[in-house]
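Shown next, in structure tokens, is the structure this report addresses.
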Amino acid sequence: MPREHVLIIEDEEDIQEILRYNLEKEGYRVTGAGSGEEGLGKVRADLPDIVLLDLMLPGVDGLEVCKALRRDHRTENIPVIMITVKGDESDIVTGLELGADDYITKPFSPKVVIARIRAVLRRKAMQPRDKDAVIKVDDIVIDPVRHRVTVKGKPLELTYTEFSILAHLARHPGWVFTRYQIVDAVRGMDYPVSDRSVDVQIVGLRKKLASAGEYIETVRGVGYRFRE
Ligand code: CA
């Protein structure tokens with residue numbers, strides 16, 4: 001079985017080395033780049049299975065690298081995990097909206113990095129879920145065709161927008177969505193949704209879900225995610 005190739009784009013050599021050591025120990029093939037330009041060149045030349053991308057790079061920064069990768073049809077589907085500094089929520093939001101798959105914040109433990117890489121690669125390998133397929137998570141059953149949600153067999157009265165948001169999040173467990181991405185996913189429905197009103201919708205949704213509401217997690221400063 002070919003080993004999965006991880007490209008690390010990170011200008012700090014010690015962090016690059018720690019990542020390389022731990023990922024190689026897990027059986028990954030690892031290459032590195034110390035700048036945005038070099039990283040872009042290596043992604044285009046080698047088409048790695050996944051990219052770990054530091055956002056703070058000299059010259060072409062990580063967000064620009066991410067944008068460039070998503071614009072090129074040869075690299076648009078290569079998963080990207082951003083490496084960010086704690087407190088940089090606005091960069092995280094921008095990165096997710098540019099198409100990054102996930103992020104980790106410095107300082108991180110190698111265990112967390114490996115878990116994130118596995119989760120993102122697993123998601124990419126999954127077939128996209130049929131939009132009409134019934135979603136079952138423990139006691140929650142979501143039927144997109146009938147617009148019905150039950151918790152422990154008990155039907156919930158959700159508005160169209162609440163339903164759409166819940167179905168979108170539950171279809172992608174573990175993915176972080178920014179408010180804008182949620183608005184974008186449910187746009188065109190019968191209710192005008194602004195990014196702030198997403199918060200209001202989520203409050204209503206959690207209330208109706210009662211104890212099952214804890215499946216909708218707030219990612220502080222970034223957005224929301226359905227628990228994996
Ligand atoms: Ca850096």
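The values are calculated or read from the model by the stated rules, or taken from the named source; none is laboratory data. Bear in mind that the values here come from a model prediction, so they are computed numbers and not experimental data. When we count neighbours, we look across all protein chains shown, and the Cβ atoms used for this are built from the backbone with ideal geometry, even at glycine. Only protein heavy atoms, including side chains, enter the accessible area calculation; ligands, DNA and RNA are left aside. Shrake-Rupley method; radii C 1.70, N 1.55, O 1.52, S 1.80 Å.
Which residues, counting only those in the stretch 10-37, are among the charged types (D, E, K, R) and within 27 Å of residue 87 (Cα to Cα)?
10, 11, 12, 13, 14, 17, 20, 37
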Subset of the stretch 6-29 [of a type outside the set (A, V, I, L, M), touching a helix residue (DSSP H, G or I) at 6+ places or on another chain (Cβ under 7 Å) and within 16 Å of the ligand (Cβ to nearest atom)]: 10
Could you count how many residues in the stretch 67-77 are surrounded by 16 or more Cβ atoms within 10 Å (Cβ to Cβ) and either free of Cβ contacts under 8 Å to residues at least 12 places away in the same chain or touching a Ser or Thr at 6+ places or on another chain (Cβ under 9 Å) (or both)? 2
Condition test on residue 58, is it surrounded by fewer than 16 Cβ atoms within 10 Å (Cβ to Cβ) and either in contact with an Asp or Glu (Cβ under 7 Å, 6 or more places away or on another chain) or in contact (Cβ under 8 Å) with a residue 60 or more places away in the chain (or both)? yes
Residues 47, 40: which one is farther than 26 Å from residue 221 by Cβ, touching a His at 6+ places or on another chain (Cβ under 9 Å) and aliphatic (A, V, I, L, M)? 47
Residue 80 fails exactly one of (1) open to solvent by 50 Å² or more (accessible area, probe 1.4 Å); (2) within 13 Å of residue 9 (Cβ to Cβ), namely (1)
